[in-house]
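Derivation of every value follows stated rules applied to the coordinates shown; laboratory data play no part. The model shown is predicted, which means the values in this text are computed figures rather than measured ones. Please note: Cβ atoms are built from the backbone with ideal geometry, for glycine as well, and neighbour counts cover all protein chains shown.
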Amino acid sequence: MKKQLLALVAALMVGAGAQAADIKVVVNADQPGPVIHRNIYGQFAEHLGTGIYEGMWVGPESKIPNVRGWRKDVVAALKDLHVPLVRWPGGCFADEYHWREGIGPRAQRPVKVNTTWGGVAENNAVGTHEFFDLAEQLGAETYVNGNLGTGSPQEMAEWLEYMTADGNSTLAQLRRKNGHAKPFRVHYFAVGNESWGCGGNMRPEYYVDLYRQAATFLKTPQNNRPVFIASGGHDARTDWTETLAKGLKGVPFDAISHHGYTLPTGKWETKGAAVGFGEDQWISTLAHTQTIDAWVRKNTAVLDQHDPKKRVGFYFDEWGSWYDPEPGSNPGFLVQRNTLRDALLAALHFHVFHANAERVKMTNVAQMVNVLQAMILTSKDKLALTPTYHAFKLYVPFQDATSLPASIENNPVYLVGKTEMPSLSVTAGRAKDGKLYVGLVNANATQAAELALQVGANAAKAVKGQLLTAGAMDAQNELGKPAQVVPVPFEAQAVGGKLTLKLPAKSIVVVAVEG
Ligand code: AHR
């Protein structure tokens, strides 16, 4: 009751305007933190539903304009996001993928059943060469996920040799014969995926032994050594992090992969609807993202005990919203709508990842196109940029920025039923262009917020950037219809030595600070 009263008072204060400036955001520009690695903005593309086939890959013969099979419109839109890294081929699919089936003339590649995702035919049209071509077209780094579940150390070792060998080995020659003279650059390589679940239902101790065995044989030329990633845990769990950190000394091991999705209800049986939800599920979804901060901190604290020099990375390489499947769709295709709520969810994740940038040097949203919290939706030759796409675009200046501490004084409590969270969230960084950027989220679905922005002890002179909001919590950008969620210019100037920003309800603002 006390909390409800506080929230009401806070809301009235903002509404009244007079006390609104009590909310103060202070950025400490002279206390630089770690660099926000651009790969925090990484993406995940799996052989799942129409995520790759149709969504991105249409084949060179398609009437849909493409470059060597990859859709031109999709690649152009993704390039605008400066996608820094792509993870492929899964996910769960990775532990059933055999790389030899995806090389050579496409017409001769075997057709398999994608038993994990929808039971549909997988014709292996997208394989190693096609994946690296996509990465090259995007200018992105590559993250290849190896098969531990149904594969072997030999199969992974030979895949790495095929991709990276520069000599005259039979596998290097085969790669040349298949059209790629030079080795591919493999930036990251993971041994299995979700080995606690779809990757083999293992115990962490058993996985440690398998990883040690496999990693012993994963050799590449020194100038093409990937970052080696071990498959870790999920959500709040720390047992995998602990067992891996203790057990993987003495073999190539550079990072742990951790996964965590957001379900409005928190229950896998009934996750919650992607559209048409109430404010209760708006707040439960966004409040969940703040839980992710605690998950990351718990896990990195465990890592700190075993790796005080912070050599090992903690990669959150699958995250995003996961709703009940779109009615009428194949439930194995993980099709869901994408709304303003997803944009705020993405921005709040960015803030969590920036705050933990010391260890979190890579994350991947799940997934790129048509699957889960996608950037892009396609149908035949149509394409829509989702609200999540726009959130990613707003935060591009944060890629490789130096993080700066930022705090909020008098952050109003946002309360719906029994769920509460701070209304506002902030992140700040000095970007590569030298400018100071501030990202702000107002999670409150009904109350606007006014805040004073200071850099150190002084008010900023002016800010200029963009605002993302919409009329409805579940506003979306549907295929073939006018987009409802698009960024608009946002700016403010200091008056009388005070810079006040007015954030509409349910909004994201990213600005560059002047003066
Ligand atoms: O992104 C969809 C699936 O979620 C991935 O294949 C798997 O790793 C996770 O459970």
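Relative contact order for the chain: what is it in percent, counting Cα pairs under 8 Å that are at least 6 residues apart?
Working: 1197 pairs, mean separation 99.0, N = 515.
RCO, the chain: 19 percent.
Hey, what do the phi angles of the stretch 96-113 turn into as Karplus ³J(HN,Hα) couplings, whole Hz, using 6.51/-1.76/1.60 and θ = phi - 60°, x for Gly and Pro?
Working through the residues one at a time gives 10, 9, 10, 4, 5, 6, x, 10, x, x, 4, 5, 9, 6, x, 9, 10, 9 Hz.
Could you work out the relative contact order of the stretch 427-515, using alpha carbon pairs under 8 angstrom and six or more residues apart, expressed as a whole percent? Don't jump to the answer; show the numbers that get you there.
Numbers: 189 pairs, mean separation 39.4, N = 89.
Result for the stretch 427-515 is 44 percent.
Please figure out what share of the DSSP beta bridges in the chain is antiparallel and state it in percent, rounded to the nearest 5.
Antiparallel bridges make up about 60 percent of those DSSP assigns within the chain.
Between the stretch 445-515 and the stretch 160-199, what's the alpha-carbon centroid distance in Å?
Computed from Cα coordinates, the inter-centre distance equals 45 Å.
Could you give the size of the charge dipole of the chain about its Cα centre, using +1 on the Cβ of each K and R and -1 on the Cβ of each D and E, expressed in debye and rounded to the nearest 20?
Working: 50 positive and 48 negative charges, 164 e Å.
My answer is approximately 780 debye.
What is the distance in Å between the Cα centroid of the stretch 306-330 and that of the stretch 407-425?
Using only Cα atoms to place each centre, the spacing works out to 25 Å.
Give me P(r) over the stretch 434-515, computed from all C-alpha to C-alpha distances, binned every 5 Å, as integer percentages.
That works out to 3, 15, 23, 21, 16, 10, 6, 3, 1, 0, in percent per bin.
Compute the whole-percent fraction of alpha carbon pairs in the stretch 220-272 spaced more than 12 Å apart.
Working: 981 of 1378 pairs.
In whole percent, the long-distance tail amounts to 71.
Could you give the dipole magnitude of the stretch 359-515 about its Cα centre, charging the beta-carbon of Lys and Arg +1 and that of Asp and Glu -1, in debye to the nearest 20? If you can, show how the numbers build up before the last one.
Working: 15 positive and 10 negative charges, 49 e Å.
So the magnitude is around 240 debye.
Quick one: divide the alpha-carbon radius of gyration of the stretch 38-399 by 2.2 N^0.38 Å and tell me what you get.
Working: Rg = 19.4 Å, N = 362, 2.2 N^0.38 = 20.6 Å.
After normalising by residue count via 2.2 N^0.38 Å, the value is 0.94.
Could you line up K72, K418 from fewest to most neighbouring Cβ atoms inside 10 Å?
Values: K72 13, K418 10.
So the residues, fewest neighbours to most, are K418, K72.
Between R68 and D22, what is the FRET efficiency for a Förster distance of 60 Å, r being their Cβ-Cβ separation, to the nearest 0.05? Don't skip to the answer; put the middle values down first.
Details: r = 57 Å, r/R0 = 0.95.
It comes to 0.60.
Any of K380/K506; K267/K506; K79/K506; K464/K506 with alpha carbons more than 30 Å apart? Name them for me. Could the numbers behind the result be given before it?
Details: K380/K506 32 Å; K267/K506 25 Å; K79/K506 27 Å; K464/K506 19 Å.
Pairs exceeding the cut-off: K380/K506.
Round to the nearest 0.05 the FRET efficiency obtained for T265 and S379 when R0 = 30 Å and r is the Cβ-Cβ distance. Provide the component values of the computation, followed by the final result.
Values: r = 28 Å, r/R0 = 0.94.
The value I calculate is 0.60.
Taking the mean number of other Cβ atoms within 10 Å as a proxy for protection, how do you rank 461-468, 178-185, 388-395 from highest to lowest? Could the numbers behind the result be given before it?
On the way: 461-468: 18.6, 178-185: 14.1, 388-395: 24.2.
So the peptides 461-468, 178-185, 388-395, ranked by packing, come out 388-395, 461-468, 178-185.
For the stretch 257-318, taking Cα atoms only, what is the radius of gyration to one decimal and the Dmax to the nearest whole Å?
Every Cα atom of the stretch 257-318 included, Rg and Dmax give 15.1, 47 Å.
If you take the beta carbon distance between N410 and H234 as r and set R0 to 35 Å, what does 1/(1 + (r/R0)^6) give as a FRET efficiency, to the nearest 0.05? List each step's numbers first, then the result.
Numbers: r = 35 Å, r/R0 = 1.01.
The computed FRET efficiency comes out at 0.50.
Could you give me the radius of gyration and the Dmax of the stretch 183-240, taking only the C-alpha atoms into account and expressing both in angstrom?
12.9, 39
What order, most packed first, do the peptides 426-438, 292-304 have when packing is the mean number of other Cβ atoms within 10 Å of each residue?
Final packing ranking: 426-438, 292-304.
Hey, which lysines would be in cross-link range of K219, C-alpha to C-alpha under 21 Å, not counting anything within fewer than 8 residues on its own chain?
K182, K249
Going by average Cβ neighbours within 10 Å, how do the peptides 335-346, 273-284 rank, with the highest at the top?
335-346, 273-284
Want the number for E358 to K246: 0.36 nm per residue separation, take away the alpha-carbon distance, what's left? Mind showing how you got there, number by number?
Values: separation 112, 0.36 × 112 = 40.32 nm, distance 2.01 nm.
Between E358 and K246, full extension yields 38.3 nm more.
Near the amide H of F44, under 5 Å away, which other amide H atoms are found, from residues 5 or more places off or on another chain, if H is placed in the peptide plane?
It is R87, V365, M368, by chain and number.
Hey, rough spin-label estimate for V495 and K435, points 7 angstrom out along Cα→Cβ, what's it come to in nanometres?
Between V495 and K435, the simple spin-label model gives 2.4 nm.
Could you tell me which of the pairs K309/K361; K72/K382; K63/K393; K461/K502 are separated by over 19 angstrom between their Cα atoms in the structure shown?
Values: K309/K361 15 Å; K72/K382 12 Å; K63/K393 29 Å; K461/K502 15 Å.
In this structure, K63/K393 lie more than 19 Å apart at Cα.
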